[in-house]
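Presented below is the structure to which this report refers.
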Amino acid sequence: MGLNDWLAILGAIGGSSTITWAISFWVNRKTNARKEDASVDSMENENERKQVDWLEKRMSERDMKIDSLYVELRQEQSAHLEEIHKRHEVELKLKEAEMKRCDVRGCSNRVPPSDY
C-alpha cells in the first residue's frame with residue numbers, strides 16, 4: 001500500500017477534515033499533553049486548597065470549643081475555691097468560738113481565762 005492508497009482511504013472516511021485533524025493531532029500532541037498536565041495540576045491544587053480551608057475551619061471550630069471548655073473549667077474552679085474559702089471561714093469562726101467559750105458562766109473567775 002502506497003501513500004496514495006492511504007490518502008484515498010482517509011479521504012473516503014472523512015475527507016480533508018480528517019487529514020487536517022490527524023496532522024494537527026500529530027503536531028500538537030506534546031502541547032496537548034502539557035495542557036492536560038496543567039489542567040490536572042490545577043485541579044489537584046484546587047482540591048488541596050479546599051481541603052486546607054476545610055481543615056482550617058475545623059481547627060477554628062475546635063479552638064472555639066476548647067476555649068468554651070476552658071471558660072467553663074475556670075468557672076467551676078473559682079466556684080470550688082469560693083466554697084473552700086467559705087468553709088475555712090466557718091471553721092475559723094468555730095475555732096474562735098471554742099476558744100472564747102467559758103466553762104463557768106457569770107463569774108469573774110472565768111475558765112479558761114481570757115480578756116474577752
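The values are calculated or read from the model by the stated rules, or taken from the named source; none is laboratory data. Just so it is clear, the structure is predicted and the values come from calculations on it, not from any experiment. Reconstructed Cβ throughout: ideal geometry from the backbone, glycine too, with neighbour counts over all protein chains shown.
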Matching entry among ALA33, ALA38 (being at negative phi and either at pLDDT below 85 or part of a loop (DSSP other than H, G, I, E, B) (or both)):
ALA33
Determine, yes or no, whether ILE66 is farther than 30 Å from ASP5 by Cα and of a type in the set (Val, Ile, Thr).
yes
Options GLU83, GLU56, GLU89; residue that is under 34 Å from the mean Cα position of the chain (by Cα) and either in a helix (DSSP H, G or I) or touching a residue at least 40 places away in the same chain (Cβ under 8 Å) (or both):
GLU56
